[in-house]
Amino acid sequence: MTVKKTRTFEDVLAQIERRIIDDGLTVGDRLPAERQLAEQLGVGRSSVREALRVLETLGVLSSQVGRGPDAGAILTSRPDTALTDLLRLHLGLATLELREVIETRLMLERWSAARAAATRADTSALVDALAGMEAAASAEEFVEHDTAFHCAIADASGNRLIAAIMRSLRDSMRRYAVEAVERLGDPSLLHADHHHILTAIRSGDPDEATRAVADHLSHAYPALFGDTP
């Protein structure tokens, strides 16, 4: 009985999440009322209620009490935004180290860059972000476009989960990224790295794209990768 309940709950949660992400719902959109969702999914209202409670705790939904058009929970954020908040909290509480976040980013981005190169993915978003970085007047503005560049690599991989995780990782460590740019002072090395990554992806060379990403992160965070004392 317990196993069945857990499976039903997980199915409901997965279907609601899929509806949010895959069906074009955006912040401010409303899900069907609890009773209607239960009927659509063919499960009990208690399972729907439990799934909605979890999503509300994560900051994805805001519960609404009402009837007719006012019934149903409202989407308040994307799931990757909720993950960003959790990662930022864990970094702030020191239950996660910056090294762990950077190493995770390295693992994901190396794969994403190799995949984007292997599939000859569209690089227009990378070009736009690169132009923004080169025109940036402050470290904060540079990091904004730098984030867009690296998230575009994840998008180009074609894996939406990796893209969402990458956005969460980058957003959660924005403050550290700004500090890294400020420490470096001259961003010319980072510009060269970005051009190297873009060229490797454009040329369809997965191995070179992987190396370019690793080199770039070692330049941006040398202390974490042991390049400097």
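Every number in this text was worked out from the coordinates using simple rules, so none of it is lab data. Since the structure is predicted, the reported quantities are computational estimates derived from the model, not experimental observations. Neighbour counts are summed over all protein chains in view; Cβ atoms, including those assigned to glycine, are modelled from backbone coordinates with ideal geometry.
Annotations for the structure displayed:
- Backbone amide hydrogens, once placed in the peptide plane, bring residue 61 within less than 5 Å of 56, 76, excluding anything fewer than 5 places away on its chain.
- With R₀ fixed at 25 Å, the C-beta to C-beta distance from residue 50 to residue 26 puts the FRET efficiency at about 0.55.
- For the peptides 141-147, 183-189, 43-49, the ranking by packing is 141-147, 43-49, 183-189, with the highest mean count of neighbouring Cβ atoms within 10 Å listed first.
- Extension gain (nm, one decimal) between residue 107 and residue 138, 0.36 nm per residue minus Cα-Cα: 8.3 nm
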